[in-house]
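A.B. asks: Structure below; questions to follow.
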Amino acid sequence: MWPTAELHVHLEGTLEAELLVSLARRNGLALPSSDPAELRSRYVFSDLQSFLDIYYANLSVLRTAEDFYDLAYSYLQRAKAGGVQHVEAFFDPQTHLENGVPLAAVFEGFSAAFEQGRKTLGISAELILCFLRHLGPEAAQDTLSLALPYRDQFIGVGLDSSEIGFPPSLFTDVYARAAAEGLHRVAHAGEEGGPDYVWQALDLLQVERIDHGNRALEDPALVTALWDKQIPLTVCPLSNLSLKTASPDLAEHPLRRMLEENLLVSVNSDDPAYFGGYVDDNFAALEHALGLSTTDLARLARNSFRSAFLPEAEKDRLCALVDACATQQAAPAERDATR
Ligand code: HPA
Ligand code: ZN
């Protein structure tokens, strides 16, 4: 198991069906079924929107700070068991505000879970506030205004939800405002949208990382720009399979070319409760399908730390864990070779 940073996970997308059922019960809310297996059997998607429809509907069970705590702490426990040492996690405040939940409850629950994760699990975690692109730029501005009183509880802003028809250019002003507040900037681009969306995220939103970025490979000049500036790409292979945003054959996943092009690519889970696995599951699936070597896997793990919003000394410390793991993994082969 590789030590990694997870940089592309939506906390709301870690809501496992069992927790969904127990939160619905706790809050006296109805679900289409109270059987987790039956709920899970509905998680068959044709594209991003077909997933988002179910994902947003399920989020109505999150009402109190305790609910947000339980969601985030369950994720941190599972992530740590899969080797994750550091998390920069997305959340969607607009969904909760629309459900009548005050931002104070969201921040209280998530921040308490992160504190507990640090103390009990030894995992570090930070929040990235995402704007829902389908609600448009004015709503994003209003959300940033509501969130700024909690400025010390999140490190950056992101852009998620339905991609096509909601280009990054719409959000230029709110990203400039976030930058002026000293917030980090990332955006989903190139998941369903084309390379032009990735260009806009870079040039207009001035993002420091691209979430997904698969379709950037269609534009050689963009590949060169991503390499030149070493812009990290947070790639989510099992998500791409589930949402049909990449070939159904994982052996043809764009990650192979991203590695060949020497792009700063990392492996992430996106919405693990819906897409069939956490970071370690994504690593295992890729290792098998792409025939990745220990060197490739160690590179992906190191890339995740190099792509994080962490001090350089902390990145060095975490990369040393990867080096130790790589040495350990190589050891049996070396021992055999010297016999
Ligand atoms: N893509 C875009 N928006 C999202 C996703 C995703 O995979 N998950 C949650 N919001
Ligand atoms: Zn995502």
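The values are calculated or read from the model by the stated rules, or taken from the named source; none is laboratory data. Source: prediction; values computed, not measured. Accessible surface is based on the protein model in full, side chains and every heavy atom, while ligands, DNA and RNA are left aside. Shrake-Rupley method; radii C 1.70, N 1.55, O 1.52, S 1.80 Å.
A.B. asks: Convert 37 °C to kelvin, take the viscosity as 0.692 mPa s, use the Kirkwood radius over C-alpha pairs of segment 178-266 as Rh, and evaluate the Stokes-Einstein diffusion coefficient in µm²/s, rounded to a whole number.
C.D. replies: Estimated via Stokes-Einstein, D reaches 250 µm²/s.
A.B. asks: Compute a Gaussian network model of the chain, connecting alpha carbons closer than 10 Å, and tell me which residue from Gln141, Gln329, Gln94 fluctuates the most.
C.D. replies: Between Gln141, Gln329, Gln94, it is Gln329 that shows the largest mean-square fluctuation.
A.B. asks: Moving to a separate point now. May I ask you to work out the translational diffusion coefficient for the chain at 25 °C, viscosity 0.890 mPa s, via Stokes-Einstein with Rh from the Kirkwood sum over Cα pairs, reported in whole µm²/s?
C.D. replies: Rounded to a whole number, D works out at 121 µm²/s.
A.B. asks: Out of all Cα-Cα pairs in segment 228-339, roughly what percent, to the nearest whole number, are more than 23 Å apart?
C.D. replies: Of all Cα-Cα pairs in segment 228-339, 33 percent lie more than 23 Å apart.
A.B. asks: Using the Kirkwood radius over Cα pairs, work out the Stokes-Einstein diffusion coefficient for segment 6-125 at 10 °C and 1.306 mPa s, in µm²/s as a whole number.
C.D. replies: 107
A.B. asks: Using Cα springs under 10 Å in a Gaussian network model of the chain, which residue among Gln85, Gln153, Gln328 shows the largest mean-square fluctuation?
C.D. replies: Judging by the Gaussian network model, the answer is Gln328.
A.B. asks: With all protein chains present and a 1.4 Å probe, how do Lys119, Lys315, Lys229, Lys80 order by accessible area, largest first?
C.D. replies: Correct descending sequence by accessible area is Lys119, Lys229, Lys80, Lys315.
A.B. asks: May I pose another question? Take the chain, connect every pair of alpha-carbon atoms lying under 10 Å apart with a spring to form a Gaussian network, then pick out the residue of Leu318, Leu144, Leu39 with the largest mean-square fluctuation.
C.D. replies: So, out of Leu318, Leu144, Leu39, the one fluctuating most is Leu39.
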